[in-house]
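As structure tokens, the structure follows; a few thoughts come after it.
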Amino acid sequence: MHPPRQQSQGGEGLRTSLSLVSSDPRLSLDEPRSNTGNLRESPTESASSREIWPVAAAIKRESDCPDQAVIRRVSGSDKITLHDVARERVDIICEKMVHLPCEFLDELKNELRVILEGGNGSQHREEFFILQKLVQSRSDLTTKTLARTHRVQLEILVAINTGIQGFLHPSINLSQASLIEIFLYKRCRNLACGSQLPAEDCTCETCTNGNGFCNLCMCVICSKFDFEVNTCRWIGCDLCSHWTHTDCAIREQLICMGPSTQNGTGPSEMVFKCQACNRTSELLGWVKDVFQHCALSWDGEALIRELDFVSRIFHGSKDPRGRKLHWKSDDLKENLRSGKVETTAACTAILMFFKELELDSQKTLENVESGSGRLIVPQEACNRISEVVHEAVRNMEMVANEKMRMFKKARLSFDACERELADKAREAGELKMDRQKKKLEIEELERIVRLKSAEADMFQTKANEAKREAERLQRILLAKSDKSEEEYTSNYLKQRLSEAEAEKQYLYEKIKMQESSRILQSSGGGDPLVFSKIHDLLYSVPPSADGPSNDGHPFRTNP
């Protein structure tokens with residue numbers, strides 16, 4: 001039987017990303033897709049499964065359009081659509097793309113990427129089928145015409161033809177010649193494989209019919225590729241080395257009961273019929289080899305998944321060994337899911353079961369030989385019994401070693417738990433002490449807060465009293481200021497009144513003097529001496545006690 005699939009050297013540094021559309025229009029976009037990042041020797045993935053490209057060593061390809069500092073406006077007549085690219089002549093679209101800005105070309109690629117992702121369900125699926133039918137129905141897309149295409153135009157055509165959106169990714173750095181070969185089914189469309197077709201110069205009908213099939217990385221039935229390794233998900237043919245999905249083989253009823261492949265005359269067993277070469281391969285030995293080489297490296301989920309594959313493969317088995325393997329797989333799968341059995345114990349149990357099946361097969365063969373009339377000499381019988389006993393002892397030793405290993409592991413786990421419990425208890429004590437300390441600190445802070453609050457209330461009371469006192473003093477100040485203003489105004493008015501009275505008296509006396517002088521002059525001129533005496537008499541008379549003050553008079557002085 002074909003050995004378990006191993007990791008390929010060419011697949012290093014690759015990982016899966018994004019869901020893709022199948023290049024076969026008959027395949028539905030809603031088909032379940034696997035989601036694993038493993039690699040295998042024969043990388044297999046379909047165009048409808050996942051998109052693969054180098055990520056670790058991704059290199060940005062040079063754009064055909066220079067960087068645009070200013071986004072150019074595209075007129076309606078210059079714009080192109082995906083339908084135009086799919087149906088118009090190569091030279092016409094290429095000439096238009098040369099004059100279009102890079103931003104518009106990127107939007108065109110993003111539009112196709114959205115369609116390939118199928119986010120809008122049946123609408124995107126129908127639109128993709130229309131585009132693919134337009135491209136695949138053209139007869140003018142030859143090597144010569146495709147060599148004259150624009151880079152973005154070629155990427156769009158390849159993505160539509162294969163249904164893989166990875167060709168639209170900026171980190172894919174395939175040459176134009178490689179893209180043309182992929183479009184014309186001369187190179188594998190798997191970006192992680194890229195082998196020339198037919199791979200390994202295979203001459204079978206499946207590889208030479210020109211549909212882009214690669215026997216290194218694709219399923220014979222569904223033409224899908226992925227990177228799962230060390231798994232029962234893939235079945236390889238012993239003779240032609242073509243690979244088939246286990247699910248596809250079950251669906252197409254290629255896994256069925258058939259004559260033994262060893263001699264062709266033995267009892268029937270579960271066999272796989274390769275669709276590429278129509279020859280059969282036995283399955284029990286293949287499953288045993290896969291588990292013996294790979295089971296110890298699987299985790300719990302992987303082991304459950306592999307046991308599920310084995311259970312489905314041998315579901316319809318009529319062979320006693322196949323039925324036992326089916327029952328054993330179901331039993332271990334349920335125990336793993338319920339947590340009753342650990343992964344290591346389950347691996348040991350299934351490996352022991354395969355050895356028991358091998359011993360049963362040898363016993364059955366011996367019984368057949370003995371039943372045919374051949375006598376076994378006592379020494380040979382003793383040797384066979386000794387071998388059986390030794391095998392049983394080895395099996396018991398394996399079980400004992402496994403039990404001892406599990407006991408040691410459990411003991412280590414118990415000791416670790418004890419240490420962890422002690423650490424947790426110590427941490428709990430420290431946390432309790434910290435809690436008490438924090439509690440005392442909080443109480444001290446609360447006391448300080450209460451004290452400060454009382455002080456704040458006291459200072460607030462004093463501040464209120466000072467404020468009231470300031471308001472009282474301000475009112476007194478305003479009252480005294482008003483009173484002083486009134487007194488000043490009254491004194492000022494009295495002073496002005498006194499000055500006005502003095503001025504009035506002065507004018508009155510002046511008028512009297514002028515009249516007296518006029519009288520004297522009119523009476524004959526008069527005597528100046530007499531006039532001087534009259535003047536002295538007038539100014540020497542003291543003012544009355546209640547009369548106005550004469551401080552402002554210019555010719556009189558106070559007595």
I'm trying to understand the selection: among the residues of region 385-402, which are of a type in the set (A, V, I, L, M) and closer than 21 Å to ALA345 by Cβ? ALA392, VAL393, MET396, MET398, VAL399, ALA400
For region 97-137: of the residues being outside any helix (DSSP H, G or I) and not small (Gly, Ala, Ser), which is modelled with the lowest pLDDT? ASN120
Within region 323-352, which residues are more than 41 Å from the chain's Cα centre (by Cα) and either aliphatic (A, V, I, L, M) or at pLDDT below 85 (or both)? LEU325, MET352
Residues located in region 159-180, provided they are crowded, with 17+ Cβ neighbours inside 10 Å and not in a helix (DSSP H, G or I): GLY163, ILE164, HIS169, ILE172, LEU174
Condition first: closer than 30 Å to SER137 by Cβ, open to solvent by 50 Å² or more (accessible area, probe 1.4 Å) and polar (S, T, N, Q). Can you find one or more residues in region 219-228 that meet it? no
Give the residues of region 229-243 that are open to solvent by 10 Å² or more (accessible area, probe 1.4 Å) and over 21 Å from VAL310 (Cβ atoms), sorted by residue number. LEU239, CYS240, SER241
Pair list, Cβ under 7 Å, 6 or more apart: region 335-360 residue within 15 Å of SER297 (Cβ to Cβ) and in contact (Cβ under 8 Å) with a residue 60 or more places away in the chain, other residue open to solvent by less than 60 Å² (accessible area, probe 1.4 Å) and assigned to a helix (DSSP H, G or I): LEU351/PHE291; LEU351/ALA295
Listed by first then second residue, the pairs whose first member lies in region 380-409 and is within 16 Å of LYS355 (Cβ to Cβ), whose partner is modelled with pLDDT of 80 or more and of a type in the set (Lys, Arg), with beta carbons under 7 Å and at least 6 positions apart or on separate chains, are ASN395/LYS355
Which numbered condition LEU134 fails, given (1) in contact with a helix residue (DSSP H, G or I) (Cβ under 7 Å, 6 or more places away or on another chain); (2) buried (at least 21 other Cβ atoms within 10 Å of the Cβ): (2)
I'm trying to understand the selection: among the residues of region 181-205, which are out of contact with any Lys or Arg (no Cβ under 8 Å at 6 or more places or on another chain) and open to solvent by less than 40 Å² (accessible area, probe 1.4 Å)? PHE183, CYS188, ARG189, ASN190, LEU191, ALA192, CYS193, ALA199, CYS202, CYS204
Out of all the residues in region 443-450, is one or more touching a Phe, Trp or Tyr at 6+ places or on another chain (Cβ under 9 Å) and part of a helix (DSSP H, G or I)? no
Members of region 332-355 found to be surrounded by 15 or more Cβ atoms within 10 Å (Cβ to Cβ) and among the charged types (D, E, K, R), listed by number: LYS333, LYS355
The helices (runs of 4 or more DSSP H) lying entirely within region 245-331 that contain at least 1 residues which are closer than 18 Å to GLU356 by Cα are 284-294, 300-313
Residue pairs qualifying under the 7 Å Cβ cut-off, at least six apart or on distinct chains, with the first in region 448-476 being of a type in the set (Lys, Arg) and the second being open to solvent by 80 Å² or more (accessible area, probe 1.4 Å), are none
Would you say ARG384 is open to solvent by 60 Å² or more (accessible area, probe 1.4 Å) and at pLDDT below 80? no
All-but-one check, THR265 against (1) open to solvent by 30 Å² or more (accessible area, probe 1.4 Å); (2) at pLDDT 85 or above; (3) among the β-branched types (Val, Ile, Thr), failing number (2)
Could you please tell me which pairs satisfy a Cβ distance under 7 Å, a separation of 6+ or placement on different chains, a first residue in region 185-209 that is more than 22 Å from GLY166 (Cβ to Cβ), and a second residue that is assigned to a helix (DSSP H, G or I) and among the β-branched types (Val, Ile, Thr)? PRO198/THR208
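The values are calculated or read from the model by the stated rules, or taken from the named source; none is laboratory data. Note that the structure is predicted; figures quoted are calculated from it, not measured. A quick note on method: Cβ atoms are made from the backbone with ideal geometry, for glycine too, and the neighbour counts reach across all protein chains shown. Each accessible area value is taken on the protein alone, full model and side chains, heavy atoms only, with ligands, DNA and RNA left out. Shrake-Rupley method; radii C 1.70, N 1.55, O 1.52, S 1.80 Å.
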